[in-house]
Amino acid sequence: MGFGGDLKYSHDALLKLQDWELRLLETVKKFMVMRVKSDKEYASTLQNLCNQVDKESACQLDYISNVSKSWLLVVQQTEQLSKIMKTHAEDLNSGPLHRLTMMIKDKQQVKKSFVGVHQQIEAEMYKVTKTELEKLKSSYRQLIKEVNSAKEKYKEAVAKGKETEKAKDRCEKATMKLHMLHNQYVLALKGAQLHQHQYYDTTLPLLLDSLQKMQEEMIKALKGILDEYSEITSLVTEEIVNVHKEIQTSVEQIDPNSEYNDFIDTHRSSEVVEQEIEFDTSLLEENENLQANEIMWNNLTAESLQVMLKTVIEELMQTQQTLLSKEELVLELEKKIEESSKTCEKKSDIVLLLSQKQALEELKQTVQQLRCSEAKFAAQKELLEQKVQENDGKEPPPVVNYEEDARSVTSMDKKDKVSRFDTIRHSIAGIIRSPKSMLGSSSFFDVISTTEKPLADQDWYHGAIPRIEAQELLKQQGDFLVRESHGKPGEYVLSVFSDGQRRHFIIQYADNQYRFEGTGFPTIPQLIEHHYTTKQVITKKSGVVLLNPVVKDKKWVLNHEDVTLGELLGKGNFGEVYKGTLKDKTPVAVKTCKEDLPQELKIKFLSEARILKQYDHPNIVKLIGVCTQRQPIYIVMELVPGGDFLSFLRKKKDELKTKQLVKFSLDAASGMAYLESKNCIHSPAVKFYHGEYACDV
């Protein structure tokens, strides 16, 4: 099989083959160029890493560390690897890549030469077998016509007896030309037949075989180039293998059991005798009635000792219960780590257990602290019980030699009634009005927008309330609620009161599942319900358990669908104010909060809305509710249809009577008095209302 014998009529296919091979070679060249660049960058990156490590390692330890020695060797071998990779990149550039570039040029020349020769022999073939024969045939037909015409004229001349010799001569000449052309055509035809056979049997096969030979030579050359490329870029060459063997040897020298021996010897603590904590008897030098290390039981302390004993017993029991649960968690975590260790396939898989082992150690520390607390409470309980039991049924003795200070007076701690300044000076929470008007500015809860209706309907879901407000709602052990994160909108946070602290846990979402660190659930309500009903800890490290859901105040909750926005009435400090309508056709004022407000302004906004809920007075515009299901959040207020009162006064100043002005003042004073009774001092931003108008106070 070969090009010459099998591809005589496949010229187009041969051209496509050469074009495809040229594109392939260009792709290989591009790949090698990128490989050279990649290897150089890799070598440079490794060198930069080593240089950076050298700078950071300038501060030497004052003891011998096997880890540091092994690490230093790793860095040195990595630097050696950088040099090897750089050399390989240079060899690849000057070797295979350079040769491939030359080969592409040769390949282009072979194609050009083949196309030129093929066009030449094809043109010669067409000329001999087509063009020249067609010319002869055309002349042949013309001469036949001329001979026939000459014969007819000769017959006519003979019949007429005129110019017979002349007609005969013309006829003979025409016949001679025809016979000579006939011989020429026969010879040309024979030549064309031989040329055609020669073309298909020898000329074209020779050209195609020559092309195949060059194609095969180039394949051989390409194979050599790729073989050299493979050898240069191999990562299992002896020099690279030696580098990694050195690294492996240095790693094997690390011994966890002896790593810190030198450190311990260098920093070994000197023996110090612990000083026993004792009662400071100097405290009793000026009082003979008190005794060191003795519980005083008398008519002044008997009742308090009973209370103290009860408190200590309760704390002891609570500590013991917590200790028991923590010890169970320790056993469970140890078992889990042991089972996970058996499934580790690689040595490095131990890293996956480090966080669990750290959690276990922290849990053990917690257990130890609880045991110390248990021992402390037990000792205090024993001391108190002993004193109480010794005097059980006895009348507490009066305190002897006690002289009451005649000058002492009993006085009640008076709670100073101090007006509470509004923390948001530029947006007062209460609005004075008479009877209604439009607010100039306000704020409201920034709450999550969610497509999962069951979450918004949960009593323990409080939307996007601030972290500070959430903490104020958590008061007892196990109190919990769910809210949207202010720092990262779209994330949900579980806030819990546990062991005297307010803890906040981000609810993780991955693979369409919500979880903390254990089992995942498709919805947040299912996740919370699981932990609440099973009393499973939120995380093993924290040991937090959900006990008491903190219910949101439903009185003020509205849905966005309950409110239809109308015309824009104005702009406030935190957003725009619209005229709106409730489902029952009640006209309202709707305040929106800008979604891009800074966090601190949103907190002020929310604090103001929370204060507004406390006000209920004829001269204070009432808060109807808040829409917290999605952004933007609305505060819905009573609508005061009038405009700015100051503008009204300027426009109607000549028409107003003294009686009307006094009524305005009475309305404002009534609202102010109410705010003062609520310990709220208003600022110049406060607005009061009279009739249908609003004005600044």
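Throughout, read-outs are computed from the coordinates displayed, never taken from laboratory work. Please read all numbers here as calculations on a predicted model, not as lab measurements. Neighbour counts run over all protein chains shown; Cβ positions are idealised from the backbone, glycine included.
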Amide hydrogen neighbours beyond the local backbone of K571, cut-off 5 Å, H modeled: V577
Globularity ratio of region 160-277, using Cα Rg and 2.2 N^0.38 Å: 3.71
Note, ³J(HN,Hα) from phi for region 303-315, Karplus 6.51, -1.76, 1.60, rounded to Hz, x at Gly and Pro: 5, 5, 5, 4, 5, 4, 4, 4, 5, 5, 4, 5, 5
Give me the Å³ per residue figure for the convex hull around the C-alpha atoms of region 12-241. 131 Å³
Find, among the GluC sites (Glu not before Pro) in region 62-165, those assigned to loop by DSSP (not H, G, I, E, B) with at most 15 other beta-carbon atoms within 10 angstrom. E163
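Computed over the Cα atoms of region 483-611, what is the ratio Rg over Rh, Rh following Kirkwood?
Values: Rg = 18.9 Å, Rh = 17.8 Å.
Rounded to two decimals, Rg/Rh equals 1.06.
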Which FRET efficiency value, to the nearest 0.05, do you get for R630 and D459 by plugging their Cβ-Cβ distance into 1/(1 + (r/R0)^6) with R0 = 22 Å? 0.70
Quick one: Cα centre-to-centre distance for region 233-254 and region 183-198, in angstrom? 76 Å
For a quick check: sort E332, E339 by the number of other beta carbons within 10 angstrom, fewest at the front. E339, E332
Under a 5 Å amide H to amide H cut-off, with H placed in plane at 1.01 Å, what residues pair with S485 once short-range neighbours are removed? G490, E491, Y492, V493
Here the residues of region 512-535 lying in the modelled label zone of S355, meaning backbone nitrogen under 19 Å from a point 7 Å along Cα-to-Cβ, are 512-521
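Can you bin region 537-669 into rounded, prolate or oblate? Criterion: square roots of the alpha carbon gyration tensor eigenvalues sorted a ≥ b ≥ c, rounded for a/c under 1.5, prolate for a/b above b/c, oblate for the rest. Each step should come with its number before you reach the end.
Working: a/c = 2.48, a/b = 2.18, b/c = 1.13.
Since a/c reaches 1.5 and a/b is larger than b/c, the shape of region 537-669 is classed as prolate.
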Roughly how far apart, in whole Å, are the Cα centres of region 504-565 and region 648-663? 57 Å
